[in-house]
Protein chains: 2
Amino acid sequence: MKNYDSVEYEISIPYKLSVHFTHNIFSAKNPLLCDIICSDNKTEPRKVLVYLDSNIPESLQEQVLTYFESYDRYLKLSCLSSLPGGERIKNNEAHLKCIYEDIDANSICRHSYIIAVGGGALLDVVGFASSTAHRGIRHIRVPSTCLAQADAGVGVKNGINYKNKKNLIGTFQPPVAVINDFSLLESLPSTEILLGYVEAIKVALIKDGEFFNWIESAMDELKNRDSDAVKELIYRSARLHVYHIATSGDPFEAGSVRPLDFGHWSAHKLEQLSNFRISHGEAVAMGIALDTIYSQLSGYLEANDSERILTLLSRFNFSLYTEVFRQKNPHGNFCIIEGLQEFREHLGGELTITLLNSIGRKFEIHEMNTDHIIEAINILEHHEKNRSH
Amino acid sequence: MKNYDSVEYEISIPYKLSVHFTHNIFSAKNPLLCDIICSDNKTEPRKVLVYLDSNIPESLQEQVLTYFESYDRYLKLSCLSSLPGGERIKNNEAHLKCIYEDIDANSICRHSYIIAVGGGALLDVVGFASSTAHRGIRHIRVPSTCLAQADAGVGVKNGINYKNKKNLIGTFQPPVAVINDFSLLESLPSTEILLGYVEAIKVALIKDGEFFNWIESAMDELKNRDSDAVKELIYRSARLHVYHIATSGDPFEAGSVRPLDFGHWSAHKLEQLSNFRISHGEAVAMGIALDTIYSQLSGYLEANDSERILTLLSRFNFSLYTEVFRQKNPHGNFCIIEGLQEFREHLGGELTITLLNSIGRKFEIHEMNTDHIIEAINILEHHEKNRSH
């Protein structure tokens, strides 16, 4: 019997990561968006679908319409639609299906463009639809919250929740471009601006001690949402995130390491256990606090550094403790501990948790001590009580 | 106001395409599957989900169970499940959700393995689930039909139908490996073996005239499903398909060119118009015949070559004509013509259709003449009538 050799090839798929910073993206005077799209060198106007987060003031709709009229030689607005912002959009697949319907009804093709303007959750859902309809339609992300501009919006991941499990379904698909429009932040309430700082603090903690020092020094300006300070924070945070994705050697996370998710194993679980009443930003602040104390309790991080981190988070008004930390399963065990296993499953392979050696320096461990986690929770509760007195 | 420069990086994601050829993949004596999985160098047994096409004889289930028992040092069978084969699995998202359920219920992670054994439709659905659950779980494809072994199973695409639109939702995601197990073909009815030849004929027509000559010369053996001839056909077809994907410069189809889809624009539409009563293989044979005659009518292909192609298809018992070609929409126009527009949408950008210059030599056009298409349909009808007399 004849034997047939295996057929083997190595292929490599190139992607460009690009994040732009601008103001008033949909002002007719601002050519950035049109320029980015027109770099495809087509002659006919490209079909464009635009999705706006319902949390964005309605006046933007008018701006979008006017913008597309001004650029109608190059762009054809096929559909302008509003979708709910916040985590609920990721929990209800009806929204995903709406996007597929629009794509089908408007004969959108792989060379058309889908633009999502919104918070991280909306970007995740529209990004997932874009990456799967026709096996991938060109996609542009315009993050509209401080959190999304500093972090979630500039990544290569998207996804939806399934049965309340965060991001159980998703893809890796870099958008054609991310456009951070600082003007979109103006209408946000201050609480939401401050919420956005948490991922900047996170990336500073694991990658750039000098950036952390700057955040400390710019605390007052940041709390007062001084626009120069906010922009600087977003720019530096976004740049660190993208730099990490591009240079870590594993942008689509084939391995088990995910240092950008510092503090996230418990954060994801807190979101889920609270039925998403605790927002991602709030949960990440608690998750960072927990793993900071854990780093200290395990002898890796000095008390002084740990204290600086907790103080900074507290001064930005983040709660560092919630009763949800103490929720128990029917077997009487802390539900939060299950988050470790779920985090491992989501990453795959070995459990890998990022901890801190010092401010700006991270390392990885592959096992966590449950007693230390409980002790860290006790410390957080105590810390929070002292603060409110 | 400070201006912030764009942050730009180029990244590149490496993939391996590999297709193996074997017999009795689930015989305990055959280490191939386990060897492929164990190249990940883990120490603990990997969790594996296995999906079997309901068209495969049930005895395979026993074999799978025995196989995993034999290799339990390396592999842990978390779930063995049967799914319906054929296009219906792509039309009903309940099956996709079943797979997500299994993944969630069995705590499958990105480093686990999902093995699909089945025809092209089942591979498409399991592949889509694998590529989206946890943003991508390792996946191994074991095509069980001649068609899938020669073509669909060895590609980098997967997908499901949406609202009857073929592959409206899907991803590009090369599996860890494709394993073509010739033994799986033994239980297939001869009509199905012959159906599988169509994609081999297609790839021969566009890329390898010598392979077409061989198919002509091996006609009798192939019709009698002589096992050496069938294997040779599958091997050469699979190799040509993979070679094309790896070397065409656009494996994830960012452009508009898709020469491997010769004859497919009308084939997809025939499948849809017939509500999938016409199978993919049957539809592709008609689509190839249509574009062959079209190539001739447009003056690109010599009559002699065209005749050789139609004769070969007819001698393999493919119908080259169906009344579905003449189905009209409410406006009185041929529905099949709409397939051109849908094909363009699915590919994106400019319409690009592959035609033949000669046997083994293809070229692309960007517009089709409707009158020539109708004339080609008339010729096919005539050809088919003559044949039945």
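Only one entry in B:Ser183, B:Ser190, B:Ser144, B:Ser227 is surrounded by fewer than 24 Cβ atoms within 10 Å (Cβ to Cβ) and either of a type in the set (Phe, Trp, Tyr) or more than 14 Å from every other protein chain (Cβ to nearest Cβ) (or both), namely B:Ser190. The criterion of being open to solvent by less than 40 Å² (accessible area, probe 1.4 Å) and outside any loop (DSSP other than H, G, I, E, B) holds for B:Ser18. For first residues located in the range B:354-380 and without any contact (Cβ under 8 Å) to a residue 24 or more places away in the chain, partners that are of a type in the set (S, T, N, Q) and open to solvent by less than 20 Å² (accessible area, probe 1.4 Å) and lie 6+ apart or on another chain with Cβ distances below 7 Å form the pairs B:His366/B:Thr352. Among the residues of the range A:77-103, those identified as crowded, with 18+ Cβ neighbours inside 10 Å, among the charged types (D, E, K, R) and more than 14 Å from A:Val50 (Cβ to Cβ) are A:Glu87, A:Lys90.
Every condition in (1) farther than 19 Å from B:Lys166 by Cβ; (2) more than 26 Å from the chain's Cα centre (by Cα) holds for B:Leu312 except the one numbered (2).
Restricting the first member to the range B:16-30 and to residues that are at positive phi, and the second to residues that are modelled with pLDDT of 95 or more and not in a loop (DSSP other than H, G, I, E, B), the beta-carbon pairs closer than 8 Å and six or more apart or on different chains are B:Asn24/B:Asp181; B:Asn24/B:Ser183. Within the group B:Glu221, B:Glu210, which residue is touching a residue at least 24 places away in the same chain (Cβ under 8 Å), in a helix (DSSP H, G or I) and open to solvent by 30 Å² or more (accessible area, probe 1.4 Å)? Sole residue among the options that is touching a residue at least 24 places away in the same chain (Cβ under 8 Å), in a helix (DSSP H, G or I) and open to solvent by 30 Å² or more (accessible area, probe 1.4 Å): B:Glu210.
Among the residues making up the range A:25-71, those that are open to solvent by 80 Å² or more (accessible area, probe 1.4 Å), assigned to a loop (DSSP other than H, G, I, E, B) and more than 18 Å from A:His111 (Cβ to Cβ) are A:Lys29, A:Asn55, A:Glu58.
If you go through the range B:345-362 one residue at a time, do you hit one that is open to solvent by 50 Å² or more (accessible area, probe 1.4 Å), in a helix (DSSP H, G or I) and more than 23 Å from B:Asn275 (Cβ to Cβ)? No: zero hits. Report yes if some residue within the range B:165-179 is of a type in the set (Lys, Arg), more than 30 Å from B:Cys38 (Cα to Cα) and modelled with pLDDT under 95; otherwise report no. Yes, the range B:165-179 contains at least one residue that is of a type in the set (Lys, Arg), more than 30 Å from B:Cys38 (Cα to Cα) and modelled with pLDDT under 95.
If you go through the range A:320-327 one residue at a time, do you hit one that is within 14 Å of chain B (Cβ to nearest Cβ), outside any helix (DSSP H, G or I) and either at positive phi or aromatic (Phe, Trp, Tyr) (or both)? Scanning the range A:320-327 turns up no residue that is within 14 Å of chain B (Cβ to nearest Cβ), outside any helix (DSSP H, G or I) and either at positive phi or aromatic (Phe, Trp, Tyr) (or both).
Within the set B:Asn41, B:Asn3, B:Asn24, B:Asn55, the sole residue that is among the polar types (S, T, N, Q) and more than 13 Å from chain A (Cβ to nearest Cβ) turns out to be B:Asn55. In this structure, is B:Ile114 within 14 Å of chain A (Cβ to nearest Cβ), buried (at least 17 other Cβ atoms within 10 Å of the Cβ) and farther than 29 Å from A:Glu253 by Cβ? Considered against the rule, which asks whether it is within 14 Å of chain A (Cβ to nearest Cβ), buried (at least 17 other Cβ atoms within 10 Å of the Cβ) and farther than 29 Å from A:Glu253 by Cβ, B:Ile114 comes out as no.
Against the numbered list (1) surrounded by fewer than 18 Cβ atoms within 10 Å (Cβ to Cβ); (2) within 14 Å of chain A (Cβ to nearest Cβ); (3) outside any loop (DSSP other than H, G, I, E, B), B:Ser107 comes up short only at (3). Taking first residues from the range B:254-278 that are closer than 15 Å to B:Phe363 by Cα and partners that are part of a loop (DSSP other than H, G, I, E, B) and open to solvent by 10 Å² or more (accessible area, probe 1.4 Å), the Cβ contacts under 6 Å between residues at least 6 apart in sequence or on separate chains come to B:Ser256/B:Gly349; B:Ser256/B:Glu350.
Of all residues in the range B:286-316, those satisfying the criterion of being part of a loop (DSSP other than H, G, I, E, B) and open to solvent by 50 Å² or more (accessible area, probe 1.4 Å) are B:Gly299, B:Tyr300, B:Glu302. Within the range B:237-285, being open to solvent by less than 30 Å² (accessible area, probe 1.4 Å), within 12 Å of chain A (Cβ to nearest Cβ) and not in a loop (DSSP other than H, G, I, E, B) holds for B:Ser237, B:Ala238, B:Leu240, B:His241, B:Val242, B:His244, B:Ile245, B:Ala246. Could you go through the range B:189-198 and let me know if any residue there is under 24 Å from B:Val117 (Cα atoms), among the acidic types (Asp, Glu) and modelled with pLDDT under 95. Yes, the range B:189-198 contains at least one residue that is under 24 Å from B:Val117 (Cα atoms), among the acidic types (Asp, Glu) and modelled with pLDDT under 95. Candidates in the range A:117-137 are the residues that are facing chain B (nearest Cβ under 9 Å) and not in a helix (DSSP H, G or I); of these, the one that is farthest from B:Phe128 (Cα to Cα) is A:Ile137.
Taken together, the residues in the range B:179-196 that are assigned to a helix (DSSP H, G or I), under 11 Å from B:Thr145 (Cβ atoms) and not acidic (Asp, Glu) amount to 5.
The values are calculated or read from the model by the stated rules, or taken from the named source; none is laboratory data. Since the structure is predicted, the reported quantities are computational estimates derived from the model, not experimental observations. Positions of Cβ are generated from backbone atoms using ideal geometry, with glycine treated the same way; all protein chains shown enter the neighbour counts. Calculation scope for accessible area: heavy atoms of the full protein, side chains included, ligands and nucleic acids excluded. Shrake-Rupley method; radii C 1.70, N 1.55, O 1.52, S 1.80 Å.
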